[in-house]
């Protein structure tokens, strides 16, 4: 129970930071101050907060759980590709969004799209799709909170209570502190969970008597040796994953966050140091996740390994429901917590548990972003601000935060799918398919609102299609995929054990490419925005 | 004199173009290097006795991305974007104190702020 006490103390601290931010805010009834911290964040708060915003429960719990079952490939799939794509997108897109936001007062990406493409209701469609993709991401936070608190307390705190407590704390500091409170809490959290990785690695390494023997033992067993290579993953699948980080800049909470920097120079440190932050957090989590396969003496881990073995050997002869039951048992999002429980002294396990909670609670920015989008893109845009005033707009934002939290919590209680799948299949792929919108708005003069609409509708439909497909066609046992459609021997559409494959690629690749092609094709066939609008966005061009 | 100046400008433009092309090649090369098929099936050597080579490679790759980002920031920073962005507002970054003057909204945002739908 001592680790849980550390975590509760941590929750009180972040709550206090949020309330402190509220008290320090001189213009708390102004939308720009509440939603963007008055565009005033300094370089380190900007770096740590942006990084913390990008890292969710997925970063610590999901990554180690994925590495436990899939091996070292997890780092190459998500961490090293993100270390390239995310800073690059901040460099190319984030800086431009910042400049336009500063110049024209944009608070949300939809405001920019409406102005850039001279549209109104199409902007609302973009808002709806962005919001629909964001909600699963918020649910991850609540689920992660429940899982983490339950595991840290050794099962004494039930999932429903842990999730409710985390959701309540997050809601409170976002409610009071707005962007300033969220950024400060995120900075504190990021420092905490970046320290977590190194400390956990050392403590668990000492506890295991060094990693050399464990690594050799894993290599010595035919069941675990592939976890130290990538032989079970196809190169096409690995390549596909590099499209996923495109989602980062298209996530509204990241685009909105780009508007909070005081100066454009604030991006410099973030762009350069972001890869190091990825390394510091992901490398220990992935490595420890793989090493956890050596903990045969922990019953929970033994059970997961056994379920994995049964699925691999008996999978083809089992029913889809039986396979799903085994997959449920294989979910390893609590594996790091089990390692800490086994090897760390109890007080340190508590401290590290707080570090895990720090990553888990990154849903704050998404909740704030959704509230910002609703109040700016819907409430203010459709006349609410004029009728009720700016203070009412901020109050509406706060009310919306409460509503989102309640809905996310209710869904989290019923959603059985593991954190990693939920995030990747719905939110990440959907936003990656929306990334062409930002690129077109900022770099392509000829792009139009109809092109943007086509791209947005495609992103929504394709995500829905993948979800329906995976619901209707049960996941096969580990091994070759179930081919649903092939042309001349080429596999076009397949159901894989982990999801869907299109020409052997993850769906995110065709989703993003077709989204971009649709945007181009429809834009070229429709009227471009007015010359005066284009001149404001492309002042140097003819 | 004018011809010299013109020639110098052309030379600077050419240098800039070469620099940009080089940076583009470096970034493209880095993207390709992510697909390290050469370590696909290899776990050994275990670097420091315990890190599989494939994982170590991607750790090094991550450090290399930081170096490339530094190059981009140093040689291709889009400083022109700051012109007219009004970042000389002098707000305290830590506290946000000192209300910044509002930026001038474009016509469509101004209309929205008045609650007028286009």
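The numbers here are math on the coordinates, done by the rules we state, and not lab data. On a predicted model such as this, the values are computed, not experimentally measured, just so you know. Here the Cβ is made from the backbone with ideal geometry for all residues, glycine too, and neighbour counts use every protein chain on show.
Observations on the model:
- Full extension of the chain between residue A:325 and residue A:156 gives 58.4 nm of extra length, using 0.36 nm per residue less the Cα-Cα distance.
- Volume of the convex hull of the range A:263-314 (Cα atoms only), normalised per residue: 112 Å³.
- In a fully extended conformation the segment linking residue A:23 and residue A:348 would gain 113.7 nm over its present Cα-Cα distance, using 0.36 nm per residue.
- Burial ordering of A:206, A:305, A:401, fewest other beta-carbon atoms within 10 Å first: A:206, A:305, A:401
- Where only DSSP H runs of four or more residues are counted, chain A gives -22000 deg cm²/dmol as its mean residue ellipticity at 222 nm, each run worth -39500 (n - 2.57).
- When only Cα pairs below 8 angstrom with a gap of at least 6 residues are kept, the range A:2-432 shows a relative contact order of 39 percent.
- Relative contact order, percent, the range A:139-266 [alpha-carbon distance under 8 Å, six or more residues apart]: 10 percent
- Against the rule of thumb 2.2 N^0.38 Å, how large the Cα Rg of the range A:193-265 comes out: 1.75
- Fraction of beta bridges assigned by DSSP in the protein assembly as shown that are antiparallel (%, nearest 5): 90 percent
- Taking A:364, B:36 and counting other C-beta atoms within 10 Å, the order from fewest to most: B:36, A:364
- Å³ per residue enclosed by the Cα convex hull of the range A:67-156: 158 Å³
- Separation of alpha-carbon centers, the range A:258-320 and the range A:333-361, rounded to whole Å: 14 Å
- Backbone N within the range A:435-473 under 14 Å of label point (7 Å from residue A:524 Cα along the Cβ vector): A:446-448, A:451
- Estimated FRET transfer efficiency (residue A:534, residue B:76; beta-carbon r; R0 25 Å; 0.05): 0.55
- Space enclosed by the convex hull of the alpha-carbon atoms of the range A:130-191, per residue, Å³: 94 Å³
- Taking 7 Å steps out from each Cα toward its Cβ at residue A:269 and residue A:300 produces label points 3.7 nm apart.
- Per-pair calculated FRET efficiency, R0 = 60 Å: residue B:48 and residue B:13 via Cβ, rounded to 0.05: 0.80
- Relative counts (whole %) of C-alpha pair distances in the range B:1-76, using bins that are 5 Å wide: 3, 13, 16, 15, 12, 10, 9, 7, 5, 4, 3, 2, 1, 0
- Proxy reagent accessibility, fewest Cβ within 10 Å first, across A:175, A:20: A:20, A:175
- Label-point gap, in nm, between residue B:60 and residue A:168 - each point 7 angstrom along Cα→Cβ: 5.1 nm
- Stretch gain in nm, segment residue A:486-residue A:390, where the contour uses 0.36 nm per residue and the Cα spacing is subtracted: 28.9 nm
- Using only Cα coordinates, the Kirkwood hydrodynamic radius of chain A works out to 23.8 Å.
- Both radii were evaluated on the Cα set of the range A:275-425; the Rg over Rh quotient, with Rh as the Kirkwood radius, amounts to 1.12.
- Inter-part distance where the range A:1-51 and the range A:75-93 are each reduced to a Cα centre, Å: 26 Å
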